[in-house]
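So the structure is just underneath, and the comments pick up after that.
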Amino acid sequence: MVSQMDPEAARNALDLVFHMSNILDTGLDRHTLSVLIALSEMGFNPEALSAVVKELRRETSDSSSVQSTAPSAP
Amino acid sequence: MDDGDRRALDLVKELVHRLLSTTTGPHRNPNIPSDQQYHQALRYAIRILSSRMTPSIAPDESAMVESIKRKLATQGKSSDALTFADVYTKFSSKTGSGSVRNKWAVLYLLKTVSEDRKIQKHQSTAVASNAFLSSALSGGLPELVGNEANRNLGLRNDNSKDSRGLVGKLGKIDKGYSDGSLSDEFQNLNCVSDNSRVVRGKSEVGKGFSGGLLMVSKDPENLRDMAYKEFVNLSKEENEVSEDVLVRDVLYACQGIDGKYVKYDEKADGYVLPDWMKVPRATRSVVRKLCELGFLFRKVKGYISESMNQFLAQDVGTVGQAFCAALQDELSEYYKLLAVLEGQAMNPIPLGTESACSGNYMSLRRLSVWFAEPIVKMRLMAVLVDNCKSLKGGAMAGAIHMHAQHGDPLVNDFMKRLLRRVCSPLFEMVRRWVLEGELEDIFAEFFVLSRPVKDESLWREGYRLHAAMLPAFITQTLAKQILRTGKSINFLRVCCDDRGWADAAAEAATAVGTTTTRGSLGYGETDALESLVTEAAKRIDKHLLELMHKRYKFKEHCLAIKRYLLLGQGDFVQYLMDIVGPDLSEPANTISSFKLATLLESAITSSNAQYDGCDIRARLRVKMMPHNTGDRGWDVFSLEYDAGVPLNTVFTESVMTRYIRVFNFLWKLRRVEHALTGTWKTMKPNCITSHFFSKLPQAVKSQLLLTSRKCQVLWDEMNHFVSNLQYYIMFEVLEVSWSNLVKEMELSKDLDDLLAAHEKYLFSVLEKSLLGERSQELNKTLFVLFDLILRFRSLADRLYEGINELQSRTTAETSINSRDKVKSRGKTNDKSSEPGSWLGEGRKALTERTGEFLRNMGNDIDAIGKDYATIFEGFISQLPVQQHIDLKFLMFRLNFTEFYSQLQPITRGKLF
């Protein structure tokens, strides 16, 4: 279903999206962004995708804070 | 299990991996996420992805971009917004292979992620996110709780087919995924999808929550959204028509179009909902209120189209046209607003998720807010239309100006804007009139009216102010000044054939700083207008006066008129009277005016008048007034002065008639004086006559002496009166008025001043010469006196003729031989040589005849003297009654010795 990608065009598009992402200050890196675009292109719902990003981020930040506090707790 | 699913799974894994690794920043614990964490996260991600979460807004790419941009702009990052727009245009222009197809999804993704991040930033520690992980770890259903953890949970329901497909796909992914523990999770997911349906109200949310449903809290406002939706549905059930339809109808009505339900009702004179419709009363009244706009619009629009149609057929006038154009402009603003509203009503507004009202459609209530301002404007316009329908031109501008006197700044601004447009033709007219003298007014809208008149009355009657067309913002004085300036230009152009005014006008324009081109003035700049008018008036008036004085020699002509028509040039008048006198005694119809003209010519050449410029001499003419049978030449003779083209504005026909009246009076006075002097020549006692008298018999002699004494006394009395009157006229009246005129002439700043000065001069001359209306009685008496004096003159002439005859008869009787000799000499010789001639035979008869003649004469003189005394007494007593003029000096001179007041002790009290 994904057509043969013109790598040049794809990179261009990615550049632009990355630029926009930076302007909007999403904090996503290039690679993650490319994965997200690919998923979106495959027909995944953007709402769900954004939810994944949000939740996982929240989780990591949370878990890391948990982890950082964990050693001292017991 | 196809390739695509595999790929999707890989991508999801990759995503999870990256997210877990990257978001833990460098400052974080460098621990690589554990396998368990990773698997849990992956499972959770898959679960989310297979959920039926869909965006709450319809996919509209451009709206999304707008929303992002607006957001950036409101955050104060306008430059970012611009860059974003730029990048986006590039991005959107990329099509074809390799480019992103679902651009909207990407944008949406970016936006939501960025918003989320911002929220996270604001709340450095997530309050409730623990719940998710712990529940996930425990293997139960995770709750996704809103950041604020306020339990404002909502469940987005969406029955779209797509999500079903996706869920199926994820199901496959699940199968492919090695970890079997995920399978039951997916079972649950499927169950969720089955159960998913319209969830409404808080209680159900609660139920869903308690039932372990996946709650996605996208934003904290969800509850409000839901409440709103519920309300919409409720109202849909209650009303026969939905609000959307009503909104559309109202919008139509506001454009003057009948909607589906809201229609124009002739009876109610407005747009109303039909009675049969089942709508709440509140809605009905709101619709009715909103449709006031439609009613007003109809009115304004109707007026505009009506006048548009009449542009050619009737005279709407330029001001009316400008008014229509201004209204049209306002309406086009209004159209724009309506178009926007309509657009918003027809399409859901793509609002950000944070926006409270994702209620998508325009409501009546919102409309009423939107309409608040236009309705005020429309009301104003309708009022103006009502008021100005029948008006035009300056009157219309004035009427609108009256409405502009308003305290509300909105109204004030609106009116000013309108007035600027409306008044522009008017101001243009003023400008052209003041600077170019052009009256460009086909529709009679200007407050200056012109009338086709002859050149000489152009100044006085050619133009006038039209009070009805004078708008209130131009004061009366300014209007007068405007009128005069334009009139001056026209006068210069038409009567003086002068071109110099153009320079003066241009100079004035540059002095004020406005250009001489159109459109430099506008409403509200009355000061500018005033200064322009003042400057132009100053220069043009100055130019005109210079022209009047230098080129047309106004003063010289005035002086010439005074000298000839007002008999100021004594030698000329004396000579003229001498040579035309005999002719004027003839009946009027036998006198040839050509002969008189020749006589006038010779009078000029033989007096000092010959040194006047020939320009002035040529203008002096003889004029014979229309005469009746029995009129003598004296009655119809007058002089005339032809002032020529530009000056006949001052010396109009009526002015000249008044001059001629004065001339006639003075001429009569002169004639009387002349006559008296002539009489004196014959009657003055000399040695010849006294010698002759001494020869006469005693009776005759005494009678003769008595009569001639009477005659002399009367003469003296008359002469006293006439010469004093003449003195008074010449010095007290003419000279004083003249010196006043000269003074005022120098002070006058424009032609009107000059005219007024001259008018005053002439008036004072007329009044003081007792020719005014209020001294008619006196004037009549005066003319009776003159007639009496002239009668006396003929009587005296007869008396002295008789005496002469007697004299010559006596001489003839005594010495026939000396008859041929020169009379005077003969007389001298005869009388001395033949004293005894009275002793001749015809002596008795002669004595008798002489006695009778002398007696008759004496009686006549007595009669005249008596008449004269009575009339003169009347005249004298009337003098102090003339309060409006100062006759004290005349009175004083006439009654210098208080002779008359002694004669008339009764009137004495009145006199002094």
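The values are calculated or read from the model by the stated rules, or taken from the named source; none is laboratory data. Everything quoted here is computed from the prediction, not taken from an experiment. Neighbour counts are summed over all protein chains in view; Cβ atoms, including those assigned to glycine, are modelled from backbone coordinates with ideal geometry. What goes into the accessible areas is simple: the full protein's heavy atoms, side chains included, and nothing from ligands, DNA or RNA. Shrake-Rupley method; radii C 1.70, N 1.55, O 1.52, S 1.80 Å.
Within the shell of other residues whose beta carbon sits under 11 angstrom from the beta carbon of B:HIS406, the net charge comes to -1, with Lys and Arg scored +1 and Asp and Glu -1. Each peptide in B:100-112, B:593-605 receives the mean, over its residues, of other Cβ atoms within 10 Å, and ordering these scores from highest gives B:100-112, B:593-605.
Note on B:MET402 and B:VAL245: with the Förster distance fixed at 56 Å, the Cβ-Cβ geometry gives a FRET efficiency of about 0.85. Backbone amide hydrogens, once placed in the peptide plane, bring B:LEU567 within less than 5 Å of nothing, excluding anything fewer than 5 places away on its chain.
Scalar couplings 3J(HN,Hα) for the range B:758-771, obtained by applying the Karplus form with A = 6.51, B = -1.76, C = 1.60 to θ = phi - 60°, are 5, 4, 5, 4, 5, 4, 5, 4, 5, 5, 6, 7, 6, 9 Hz; x denotes Gly and Pro.
All other residues whose Cβ lies under 9 angstrom from that of B:TYR264 are scored, Lys and Arg at +1 and Asp and Glu at -1, for a net of -2. Computed on the range B:608-653, the Cα convex hull volume stands at 91 Å³ per residue. Taken residue by residue and averaged, Cβ atoms of other chains lying within 10 Å of the Cβ of B:37-47 number 3. When the accessible areas of B alone and A alone are added and the area of the pair subtracted, with a 1.4 Å probe, the result is around 6000 Å², both sides summed.
Look at the stretch B:65-76: the mean tally of other chain Cβ atoms within 10 Å of its residues' Cβ atoms is 1.
In debye, nearest 20, what is the charge dipole magnitude of the range B:711-784 about its Cα centre with +1 on Lys and Arg Cβ and -1 on Asp and Glu Cβ, if you could check? Computed about the Cα centre, the dipole is about 140 debye.
Rounded to the nearest angstrom and listed largest first, the equivalent-ellipsoid semi-axes of the range B:522-636 from its Cα gyration tensor are 46, 19, 10. Each listed q (0.11, 0.20 Å⁻¹) maps to a log10 I(q)/I(0) for the range B:461-566, found by the Debye formula over equal Cα scatterers with no solvent: -0.43, -1.08. FRET efficiency for the pair B:VAL784 and B:ASN686, taken as 1/(1 + (r/R0)^6) with r the Cβ-Cβ distance and R0 = 35 Å, rounds to 0.60.
Backbone amide hydrogens, once placed in the peptide plane, bring B:LEU639 within less than 5 Å of B:LYS623, excluding anything fewer than 5 places away on its chain.
Cross-link check: pairs B:LYS263/B:LYS389; B:LYS553/B:LYS623; B:LYS595/B:LYS623 evaluated at a Cα-Cα cut-off of 22 Å; pairs beyond the cut-off: B:LYS263/B:LYS389; B:LYS553/B:LYS623.
Only protein heavy atoms count here; on that basis, with a 1.4 Å probe, B:CYS687 has an accessible area of about 100 Å². Using the Karplus relation 6.51 cos²θ - 1.76 cosθ + 1.60 with θ = phi - 60°, the per-residue 3J(HN,Hα) values for the range B:674-680 come to 4, 5, 4, 5, x, 5, 4 Hz, with x marking Gly and Pro.
Computed with a 1.4 Å probe on the full set of protein chains, the accessible area for B:PHE896 sits at about 130 Å².
The 3J(HN,Hα) values that the Karplus relation (6.51, -1.76, 1.60; θ = phi - 60°) gives for the range B:778-792 are, in residue order, 4, 5, 4, 4, 4, 5, 5, 4, 4, 4, 4, 5, 5, 5, 4 Hz. Gly and Pro appear as x.
Full extension of the chain between B:ASP886 and B:GLU746 yields a length gain of 47.9 nm, computed as 0.36 nm times the residue separation minus the alpha carbon distance. Here the range B:633-686 and the range B:586-608 have alpha carbon centers that stand 13 Å from each other.
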